[in-house]
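Structure record follows, encoded as structure tokens.
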Amino acid sequence: MLHLIVAMSKQGAIGLDGKLPWHHSGDLKHFKEVTWNQKVLMGRKTLAKLPRVLPNREIYCVTRQKDVSLPSGQEVTIINDFEGFCQQHQHSDDLFYIAGGASIYQVALPYVSEMIVSVINYDQEADTFFPSFIQEGFRLSRREKKEDFEILYYRR
Ligand SMILES: NC(=O)c1ccc[n+]([C@@H]2O[C@H](COP(=O)([O-])OP(=O)(O)OC[C@H]3O[C@@H](n4cnc5c(N)ncnc54)[C@H](OP(=O)(O)O)[C@@H]3O)[C@@H](O)[C@H]2O)c1
């Protein structure tokens, strides 16, 4: 089973200069709560920018390289055949959280059964955007208003 977690602006912005465009402690707390003790999968570029190890999570790194060494020292399981991985785990009992970046979301979207989308109030510069999912058959199942952002839950 593949669930996707992302924080985006209303315009779909997710990144700037290889990092998040914002610092949003409420959303970071939400990410930690959702992914705590879970399997979390990210692209090599996103993982390379993380300043420190993400504790209590089993991290999977999507890369075309045979091995990677991350500045944070995070230990990871390597995934080379990401499309094959998505096909294999689309209906499995194991739950994996797909946590970006853009290239990873793009490949995973057709295989994801739930999306957890934080909508951040941000209208400044960005260079990385979430792929369009209008045609992907998701329906909004729940929305949760937080103090300064909103969390949308989509299913299909
Ligand atoms: N707002 C959010 O929730 C959120 C979440 C995550 C990331 N982001 C942002 O997204 C941006 C990074 O996104 P990005 O698209 O540039 O990079 P990315 O998706 O994090 O990583 C790209 C790398 O993943 C590997 N890769 C991609 N597709 C692959 C495939 N089909 N098979 C095997 N390996 C594959 C390649 O690694 P190799 O080059 O090693 O082969 C590629 O260079 C950053 O700004 C980051 O902060 C935002």
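The values are calculated or read from the model by the stated rules, or taken from the named source; none is laboratory data. It should be emphasised that the depicted structure is a prediction, and the values quoted were computed from it without experimental measurement. Neighbour counts are summed over all protein chains in view; Cβ atoms, including those assigned to glycine, are modelled from backbone coordinates with ideal geometry.
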Subset of the range 1-41 [among the polar types (S, T, N, Q), over 12 Å from the mean Cα position of the chain (by Cα) and within 13 Å of the ligand (Cβ to nearest atom)]: S9, Q11
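The rows are residues; the columns are (1) touching a Lys or Arg at 6+ places or on another chain (Cβ under 9 Å); (2) modelled with pLDDT of 95 or more; (3) under 28 Å from S92 (Cα atoms).
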{"position": "A13", "(1), (2), (3)": "no, yes, no"}
{"position": "K19", "(1), (2), (3)": "yes, yes, no"}
{"position": "G26", "(1), (2), (3)": "yes, yes, no"}
{"position": "E33", "(1), (2), (3)": "no, yes, yes"}
{"position": "K49", "(1), (2), (3)": "yes, yes, no"}
{"position": "R57", "(1), (2), (3)": "yes, yes, yes"}
{"position": "V62", "(1), (2), (3)": "yes, yes, yes"}
{"position": "L70", "(1), (2), (3)": "yes, yes, no"}
Residue tally, condition surrounded by 11 or more Cβ atoms within 10 Å (Cβ to Cβ) and more than 16 Å from the ligand (Cβ to nearest atom), over the range 107-146: 7
Residue count for the range 94-106, restricted to those that are closer than 19 Å to H23 by Cβ and more than 11 Å from the ligand (Cβ to nearest atom): 0
Candidates D81, D67, filtered to the one that is acidic (D, E), near the ligand (Cβ under 9 Å from one of its atoms) and more than 19 Å from R155 (Cα to Cα): D81
